[in-house]
1. List the lysines whose alpha-carbon lies under 17 Å from that of Lys133, not counting same-chain residues fewer than 8 positions away?
2. To the nearest 500 deg cm²/dmol, what mean residue ellipticity at 222 nm is calculated for the chain from DSSP H runs of n ≥ 4 alone, each contributing -39,500 (n - 2.57), summed and divided by the residues?
3. In Å², what does the accessible area per residue of region 1-117 work out to with a 1.4 Å probe?
4. Spelling out what I want: for every residue of region 103-116, take phi, set θ = phi - 60°, compute 6.51 cos²θ - 1.76 cosθ + 1.60 (Karplus), and round to whole Hz; glycine and proline get x.
5. If you scale each eigenvalue of the Cα gyration tensor by 5 and take the root, what three semi-axes come out for region 40-188, rounded to whole angstrom and sorted largest first?
6. By how many degrees, 0 to 90 and rounded to 10, does the Cα axis of helix 141-158 deviate from the longest principal axis of the chain?
7. Helix 127-138 versus the longest principal axis of the chain: what angle, 0 to 90°, nearest 10, using Cα atoms?
8. Between beta-carbons, use under 14 Å as the cut-off and find the net charge around Arg86, counting Lys and Arg +1, Asp and Glu -1.
Amino acid sequence: LGLGDATVAVLYAGQLEPRKDPLTLVHAVERARAKDGRIVLLIAGSGPCETALAAAASDGIRLLGQRRDVPALLEAADIFVMPSRREGLSYAILEALAHGVATVVSDGPGIPEAVGPTGCVFSAGDERGLAEKLLELAADPARRAQLGRDGRAHVASELSAERMVAETKAVYASVLTAPDREPFAERA
């Protein structure tokens with residue numbers, strides 16, 4: 001990736017489509033780089049926004065294309081950003097948290113709940129607000145490290161596959177044992 005020791009690598013990994021709003025991220029990074037040239041944006045993915053993103057490519061904004069080595073990219077990243085205007089429970093966010101990468105997300109529906117108190121949230125579409133978050137984190141490696149540790153712990157305790165399976169089983173058990181539940185055979 002050609003990142004120097006002083007570089008603050010910001011990673012976006014996902015579909016390059018308008019709903020995910022990678023152009024707001026690009027504009028925010030351009031703003032942030034005007035004040036801190038150490039910030040470099042790495043964009044991994046493909047999609048309909050590729051042409052517009054390619055026009056903005058520079059030394060500080062690098063399009064990596066579709067990648068199969070996202071865990072390695074997360075290891076290289078200092079900050080992970082999900083600028084989506086709406087999202088379900090994003091696997092990309094969960095992966096970033098699990099890898100201990102400081103995570104910045106928009107306040108689009110379904111997104112802040114994934115990071116809980118362990119990430120930074122900005123208003124969807126607000127390139128100035130996102131640039132400020134990036135500058136704050138770029139200037140504070142200790143905070144990035146703490147957010148990374150907190151994110152990893154959050155995934156392990158609140159968002160693990162084991163917990164999801166246990167809670168799903170509990171819901172099914174409560175429905176199947178509800179006192180007012182009609183047995184299937186009696187419904188026919």
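1. Qualifying lysines at Cα under 17 Å: Lys35.
2. The per-residue figure over the chain is -14000 deg cm²/dmol.
3. 43 Å²
4. Result, rounded to whole Hz: 10, 10, 10, 6, 8, x, x, x, 8, x, 4, 5, 8, x.
5. Each semi-axis is √(5λ); the values are 37, 19, 15 Å.
6. With both axes taken from Cα atoms, the answer is about 20 degrees.
7. Orientation of helix 127-138: about 80 degrees from the principal axis.
8. Within the 14 Å Cβ shell, the charges total -2.
The values are calculated or read from the model by the stated rules, or taken from the named source; none is laboratory data. Every value quoted in this text rests on a predicted model; they were computed, and no experiment measured them. Methodologically, a virtual Cβ is constructed for each residue, glycine included, from the backbone with ideal geometry; neighbour enumeration extends over all protein chains shown. For the accessible areas, the whole protein counts, side chains as well, though only heavy atoms, and no ligand, DNA or RNA atoms are used. Shrake-Rupley method; radii C 1.70, N 1.55, O 1.52, S 1.80 Å.
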